[in-house]
């Protein structure tokens, strides 16, 4: 411990005790003026460090039993907190309870029709971009919206097909179809040695199975990222990186539609050559 000395200069009336002695004379070293007022006051006090406080007032940790810890975990689980947890996990329930039908229904109905009119052609176009049948694009536009209606929290979000995901799926489907079709869809030979090639429906079904498997594993990865709260990683993505990725994706999407829009047929390529072949 160290002694801290504080010197102050103040003027105030000095109190007098019962014996008529000024309290300033019995205090710490002071100087008084002729009118009995303190002129200079010197005070001191001790400064304690954290270690000295811990040595003088030691902290004792009270050990809790396992039963006490378990009961403390169960204490917050009341009816109110359980209801809040349900509303947080299923926001749709709370929305239905507080929904003002007369005020919002007409506007929501018109908004739903407008968004549906947008997603119908867009879903079919992205289904074709994924090297699948147009119907699969409609499935992708329908089911995510139903799930987000139950578990989502934003009333302004429009879910559905995505161009970048469609092109990534098309790349995976084309590669796996090219390398695995001979194994998954073998040619059928009859007793007369006549060979039948797989039909177009079989090839489309095989492509759909590849797309479904990739979507399933992508969903598992995204679910785990959400459970472990790894969305914070996007905070470290710079604006230049996001801008470059968006520009490159837009250019790739535009060039991928040239063949379908123009009607020209040319050999399908993979990798970096595919981007130049589009142009």
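Bear in mind that the values in this text are calculations on the coordinates, not laboratory data. As the structure is a computational prediction, the values presented were derived from the model and not from experiment. Glycine also receives a Cβ, built like all others from the backbone with ideal geometry; neighbour counts cover every protein chain displayed.
Cβ crowding within 10 Å, taken as a proxy for footprinting-reagent exposure, orders 132, 205, 230 from fewest neighbours to most as 230, 205, 132. In this simple spin-label model, placing a label point 7 Å from the Cα along the Cα-to-Cβ direction at both residue 236 and residue 171 gives a separation of 2.3 nm. When you work out D = kT/(6 pi eta Rh) for the stretch 93-236 at 4 °C and 1.567 mPa s, using the Kirkwood radius from C-alpha pairs as Rh and the Stokes-Einstein form, the result is 71 µm²/s.
Equivalent-ellipsoid semi-axes for the stretch 83-155 (Cα gyration tensor, √(5λ), whole Å, largest first): 29, 17, 6.
One chain, two ends: residue 224 and residue 99. Fully extended at 0.36 nm per residue, the span grows by 41.8 nm beyond their Cα-Cα distance.
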